[in-house]
Amino acid sequence: MPNIRPNIIWGLRLFFLCLGLAMGTWGAHVPSAKGLYAIDEGTLASALITAGLAGIIGLSQAGRMVNQLGPPKAAWLTGGIMALCLILTLLTDWLPLLFLALALFGFVGCCFDIAINTMASELEHQSGRPLMSGFHGLFSLGGMCGAGLVSGLFALGVA
């Protein structure tokens, strides 16, 4: 069994945690987005569908991007863009920017997911031991922490 540096595994765990945090943070903000943007349910649903459709396109392009850039570079690039898109959705009240930010968030979020899962699969193969469930567990923990943190901030009156 090859010796894989623990910091590589922990770094990848952090990527999964960050993806979960981003998804949980956005998910907890969906109801507040309706008020922030002063939109009805139909417009909000359209914005969410935009993110989903862009994610499907991202899934179709992620393999090519990961192969061209390599999984680590693809993860850093798409993860950074995903974080910026999340910030945009929370700091603006301009509706066209919400649609653009959510489209990019969906696209790069899926690409980020593919990049980190590619690395996780390779690490699991190299180590000869099961690692994937731990990575995905941290994604789930990140989602719960992101949603919990946002809910807690809302309860404290933080916009």
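In the context of the full set of protein chains, residues of the chain present 54 Å² of accessible surface per residue (probe radius 1.4 Å, heavy atoms only). Can you give me the % of accessible surface on the chain that is carbon or sulfur? Probe 1.4 Å, all protein chains present, nothing else counted. Result for the chain: 71 percent of the exposed heavy-atom area is carbon or sulfur. The alpha carbon radius of gyration of the stretch 7-56, expressed as a multiple of 2.2 N^0.38 Å, is 1.51.
When only Cα pairs below 8 angstrom with a gap of at least 6 residues are kept, the chain shows a relative contact order of 44 percent. Working from the Cα coordinates of the stretch 4-123, the gyration tensor eigenvalues give, after taking √(5λ), semi-axes of 29, 15, 10 Å in decreasing order. For the stretch 61-159, chymotrypsin sites (Phe, Trp or Tyr not before Pro) meeting the loop criterion (DSSP other than H, G, I, E, B) and having at most 12 other Cβ atoms within 10 Å: Trp94.
For the stretch 83-159, the spherically averaged projection of the C-alpha convex hull amounts to 6.0 nm².
The values are calculated or read from the model by the stated rules, or taken from the named source; none is laboratory data. Computed from a prediction, not measured in an experiment: that's the story for all the values here. Backbone-built Cβ (ideal geometry, glycine too); neighbour counts: all protein chains shown. With ligands, DNA and RNA removed, areas are computed over all heavy atoms of the protein, side chains included. Shrake-Rupley method; radii C 1.70, N 1.55, O 1.52, S 1.80 Å.
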